[in-house]
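Notes follow the structure.
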Amino acid sequence: MVSVFSLWLPILVSGVLVFVASCVIHMVINYHRHDYRALPDEDGVMDALRVFDIPGGTYSVPHAASREVLMSEAFQEKVKRGPVAFMTVLPPGHPLMRSSQLVQWFVYCLVVSLLAAYVTGLGLGPGAEYMSVFKIASTAAVMGYALAHAQDAIWMFQGWPATARSMFDGVVYGLLTGGAFGWLWP
């Protein structure tokens, strides 16, 4: 067994590698540009919503606050009439990417690397072969970066192509994490 504390360098290096890779994927390669579609008459929809002064948050329309409401005839009629939506609202003027979000993403990368270090350290001792370390750390990191995206396609109706692209990113991040751990394993 290898202590997580002795793996601080691969945790940090893999976190930095994933952070940089995500910047390249989203800002240079940009194959996520089709993950969201435009609404028909976007300006009209924005004008219609603006009058409600909706605070930033995540909403469902129609909204069922309880099981009783969900099962009611009135709620079912609203669903049939539509539209049915899951919606994230940002405050007006809110930048789409803030430094606090980048810090949170980097901390998340470190947490995934920490968990990959823990799992890999449980299974392998000091001096383990590169490929053994790579396989375990990559698998653990892929689980942390990729698998949860399927829930968005299943429950939030995000399209499977967008979900697959995000899961692919997670595989890339996992492989980078495994490579860093294999390279820097004590």
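Where residues in the stretch 158-186 are part of a loop (DSSP other than H, G, I, E, B) and not aromatic (Phe, Trp, Tyr), which of them is surrounded by the most Cβ atoms within 10 Å (Cβ to Cβ)?
Among those residues, the one meeting the criterion is Gln158.
Of the numbered conditions (1) without any contact (Cβ under 8 Å) to a residue 24 or more places away in the chain; (2) open to solvent by 60 Å² or more (accessible area, probe 1.4 Å), Ala153 fails exactly one; give the number of that condition.
(2)
I'd like to check something: does the stretch 23-41 contain any residue that is of a type in the set (S, T, N, Q) and surrounded by 14 or more Cβ atoms within 10 Å (Cβ to Cβ)? Full working, then the answer.
Of the stretch 23-41, the ones of a type in the set (S, T, N, Q) are 30.
Now drop any that are not surrounded by 14 or more Cβ atoms within 10 Å (Cβ to Cβ), which leaves none.
No, there is no match, as no residue in the stretch 23-41 is of a type in the set (S, T, N, Q) and surrounded by 14 or more Cβ atoms within 10 Å (Cβ to Cβ).
Looking only at the stretch 46-85, which residues are out of contact with any helix residue (DSSP H, G or I) (no Cβ under 9 Å at 6 or more places or on another chain) and either surrounded by 12 or more Cβ atoms within 10 Å (Cβ to Cβ) or polar (S, T, N, Q) (or both)?
Leu49, Ile54, Thr58, Tyr59, Ser60, Ser66, Ser72, Lys78, Val79
Do the conditions hold for Ser14, that is, is it in contact with a helix residue (DSSP H, G or I) (Cβ under 7 Å, 6 or more places away or on another chain), surrounded by 10 or more Cβ atoms within 10 Å (Cβ to Cβ) and among the polar types (S, T, N, Q)?
Judged against the criteria, Ser14 is a match.
Quick check on this structure: which one of Pro95, Pro126 is out of contact with any strand residue (DSSP E or B) (no Cβ under 7 Å at 6 or more places or on another chain), open to solvent by 50 Å² or more (accessible area, probe 1.4 Å), assigned to a loop (DSSP other than H, G, I, E, B) and touching a residue at least 60 places away in the same chain (Cβ under 8 Å)? Step through it out loud before you land on a result.
Numbers: Pro95 fails: touching a residue at least 60 places away in the same chain (Cβ under 8 Å).
Among Pro95, Pro126, only Pro126 is out of contact with any strand residue (DSSP E or B) (no Cβ under 7 Å at 6 or more places or on another chain), open to solvent by 50 Å² or more (accessible area, probe 1.4 Å), assigned to a loop (DSSP other than H, G, I, E, B) and touching a residue at least 60 places away in the same chain (Cβ under 8 Å).
Would you check if there is a residue in the stretch 102-115 being open to solvent by less than 60 Å² (accessible area, probe 1.4 Å), farther than 19 Å from Pro10 by Cα and not aliphatic (A, V, I, L, M)?
There is no residue in the stretch 102-115 that is open to solvent by less than 60 Å² (accessible area, probe 1.4 Å), farther than 19 Å from Pro10 by Cα and not aliphatic (A, V, I, L, M).
Among the residues of the stretch 132-141, are any within 16 Å of the chain's Cα centre (by Cα) and closer than 18 Å to Ile11 by Cβ?
Among the residues of the stretch 132-141, at least one is within 16 Å of the chain's Cα centre (by Cα) and closer than 18 Å to Ile11 by Cβ, which makes the answer yes.
Across the stretch 1-43, which residue is farthest from Gly179 (Cα to Cα) among those that are more than 17 Å from the chain's Cα centre (by Cα) and not in a helix (DSSP H, G or I)?
Asp41
The values are calculated or read from the model by the stated rules, or taken from the named source; none is laboratory data. What you see is a predicted model; the values in this text were computed from it and never measured. Heads up, the Cβs are rebuilt from the backbone with ideal geometry, glycines too, and the neighbour counts pull from every protein chain shown. Surface accessibility is based on the protein's heavy atoms, side chains included, excluding ligands, DNA and RNA. Shrake-Rupley method; radii C 1.70, N 1.55, O 1.52, S 1.80 Å.
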